[in-house]
């Protein structure tokens, strides 16, 4: 110890023993096989199942998006069709109202024309009746006046015819415009 004062022999020196290396390799291979069989395969199966579900979910989401877009397009088409139908119905209703109004106006005009014609006919009839009555009264007064002037009774029927003819002639002259 004198020549090497600081060199101390160590009881636990690092040595490589091939047996323990072989044991470690075998243990590692067994552990690797056990992990692969009981852990790695189930983990891979679970991961692949999860990836499959994710893919299916993405495909379902894409299909849902496409379906939503189709539904949106269908809704827009239906709304446009409903708007067109509503406009057509409104147009038909307007035309029907205008037709009904025209019919009512025509009917009212026809009714007014009929009423006016009936009133004109009634007025003409009343006028003719009044003229006939006036002629009879004038003829009767003329016969009475003539018999008083002559002082004797004259044939009333003959004179009445003569007077009525004179009144008709006078009425024809009165009816002409001046």
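Just so you know, all these numbers are worked out from the coordinates, no wet-lab data involved. Being a predicted model, the structure only gives us computed values, none of them experimental. For neighbour counting, all protein chains shown are included, and Cβ atoms are generated from backbone atoms with ideal geometry for every residue, glycine included.
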Grab the beta carbon distance between residue 87 and residue 55, set R0 = 41 Å, and tell me the FRET efficiency rounded to 0.05.
0.30
At a Förster radius of 22 Å, what calculated FRET efficiency corresponds to the Cβ-Cβ distance of residue 132 and residue 155, to the nearest 0.05?
0.50
For residue 38 and residue 64, extending 7 Å from Cα along the Cα-Cβ vector and measuring point to point gives, in nm, a value of 4.0 nm
How high is the FRET efficiency between residue 96 and residue 124 when r is their beta carbon distance and R₀ equals 45 Å, given to the nearest 0.05?
0.65
Residue 72 versus residue 113, label points 7 Å from Cα toward the beta carbon: distance in nm?
6.2 nm
